[in-house]
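Dumping the structure here so I can ask a few things about it.
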């Protein structure tokens, strides 16, 4: 199904033709190698162009207008404030979760801090710089996934269709350029999935370690990525096991265990410093405790319906039809049968979805749609693998092109729907008005707006990042109008 020299796959027939006796004169004269060399160069150029276009187009659609509508709420203010500090001041665990506790490790803050150092200075360290940085990582992961699917399926059309469907999904698109750990977790999980499908870990133990580390760092960023991480670990073990290579299987198992142990050292240090007084995921452990003690039962029906609803919303918006869930189920059956001899592919498509259904059945709380962001590459690829015939089928390229055209036709409606969610249209007004207030050189008692902001937002946050100072003794209050102008009100006494 795949070949290690995937980059040169189209060249294989030409290479085989060199070995025919009738071609010896051409080989002696050098005409055929020169022709092949030109073809090789053209193919490499075309591939590079496709990868570059994928990265640039997905990045553009994600960050378009971000300086005007960045979603600046409480979580973004909290996390960007942490990133603005020194590296030595970063916490040893991840962000707090809405169900209590925090994520298992500090990778999210480390990566966000690096984004602030590299991208931040270009945008005066404004919060939307963090969103641009996360969008860059997301588009890089998309490009890597494109290469991986192309390599695995031998179909550039399927690879392009998958990336178009994933990158323009309205709910994913509206969150992509956002300072938020679930987004980064799904990005890292997507990149780890791509490395496995690309057969990158096959080459060495070092690559196995790096792939495992990337998968577990995704869990650091967002605990919901655990299902993809476990599937990556399974893929690293199942292929050598099926091939009967017990030595490599054992080696990979030890590497995975060592990588996870090393990456959990910051968490261990945090727990030691706090005398193990806090739990990372209180709601999860509480649910498991109830199930283990038989005071509650797993909620499989809720888990199945939650996944079906999330898939329909994320990938089906703005239409959101439950038919998609049935299509996904039927596709999973087809993929399980058609690719039963490719355990690695099954591990990266069907296993994370099955693991999520089982895992969330053990979680006795409400399920939000964003819990499933990291599963979307597996689900979309499952459907595409089921509906696309093997490359040897004569009409396969035509069907692939038809799927791509259909996916592109849906993009405008999906982009319009994304523009209605998770945006703060007043963000641009806050930035421009804050710059005007800072230029006055006068400390403010406070800054208020004539327009309503979400309750977790802060009209003074951007002003302080730009160097403005809030002084309770100042007689001046800055008032930002609905048009972005600034009025100053003096408080007597």
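Just so you know, all these numbers are worked out from the coordinates, no wet-lab data involved. Computed from a predicted structure; not experimentally measured. Positions of Cβ are backbone-derived with ideal geometry, glycine not excepted, and every protein chain shown enters the neighbour counts.
Exposure proxy check: 199, 172, 245 ranked by fewest other beta carbons within 10 Å?
The fewest-first ordering by Cβ neighbours comes to 245, 199, 172.
Where the centroid of each part is defined by its Cα atoms, how far is the range 457-493 from the range 79-107 in Å?
29
So, one more: What ratio of Cα Rg to 2.2 N^0.38 Å holds for the range 243-370?
Here the Cα radius of gyration is 1.38 times the empirical estimate.
A further question on this structure: Within 10 Å, count the other beta carbons around each residue, average over each peptide in 60-73, 331-344, and list them highest first.
60-73, 331-344
Answer rounded, prolate or oblate for the range 361-412, using the Cα gyration tensor with square roots of eigenvalues a ≥ b ≥ c: rounded when a/c is under 1.5, else prolate when a/b is larger than b/c, else oblate.
Oblate is the answer for the range 361-412, as a/c is 1.5 or above yet b/c matches or exceeds a/b.
Using Cα-Cα distances under 8 Å and only pairs 6 or more residues apart, what relative contact order does the chain have, in percent?
18
Using Cα-Cα distances under 8 Å and only pairs 6 or more residues apart, what relative contact order does the range 427-490 have, in percent?
In percent, rounded to a whole number, it is 42.
Further, regarding this structure: Over 13 Å apart: what share of the alpha carbon pairs of the range 427-490 falls there, rounded to a whole percent?
The share of Cα pairs beyond 13 Å in the range 427-490 comes to 56 percent.
Give me the number: length gained by fully extending residue 398 to residue 264, i.e. 0.36 nm times residue separation minus the C-alpha to C-alpha distance, one decimal in nm. Spell out each step's value before the answer.
Working: separation 134, 0.36 × 134 = 48.24 nm, distance 4.84 nm.
Answer, rounded to one decimal: 43.4 nm.
Also, I was wondering about something else. Rank the residues 82, 163 as a footprinting-exposure proxy: fewest other Cβ atoms within 10 Å of their Cβ go first.
Numbers: 82 18, 163 24.
Fewest to most other Cβ atoms nearby, the residues stand as 82, 163.
Once the cut-off is 18 Å, how many percent of the Cα-Cα pairs in the range 375-493 end up in the long-distance tail?
On the way: 4615 of 7021 pairs.
So the portion of pairs separated by more than 18 Å is 66 percent.
So what is the relative contact order of the range 296-348, in percent, for Cα pairs below 8 Å that sit 6 or more residues apart?
This gives 21 percent for the range 296-348.
I've got another one for you. How do 142-152, 257-267 rank on mean C-beta neighbours within 10 Å, highest first?
Details: 142-152: 24.2, 257-267: 15.4.
With the highest mean Cβ count within 10 Å placed first, the list reads 142-152, 257-267.
Quick check on packing: order 418-429, 345-356 by the mean number of other C-beta atoms within 10 Å, highest mean leading. If you can, show how the numbers build up before the last one.
Numbers: 418-429: 17.1, 345-356: 22.2.
In descending order of packing, they fall as 345-356, 418-429.
Going by how many other Cβ atoms sit within 10 Å of their own, how do 294, 300 line up, fewest first? Walk me through the numbers on the way to the answer.
Working: 294 7, 300 13.
Fewest-to-most ranking of 294, 300: 294, 300.
Pull out a ≥ b ≥ c, the square roots of the eigenvalues of the alpha-carbon gyration tensor of the range 184-320, then state rounded if a/c is under 1.5, prolate if not and a/b is larger than b/c, and oblate in the remaining case.
Numbers: a/c = 1.73, a/b = 1.19, b/c = 1.44.
Since a/c reaches 1.5 but b/c is at least a/b, the shape of the range 184-320 is classed as oblate.
Could you tell me what a quarter of the Cα convex hull surface of the range 137-235 works out to, in nm² with one decimal place?
About 6.0 nm², averaged over all directions.
Take every DSSP beta bridge whose two residues both sit in the chain, then give the antiparallel share in percent to the nearest 5.
Values: 6 of 11 bridges.
If I count the DSSP bridges inside the chain, around 55 percent turn out antiparallel.
Between the range 147-196 and the range 330-360, what's the alpha-carbon centroid distance in Å?
18
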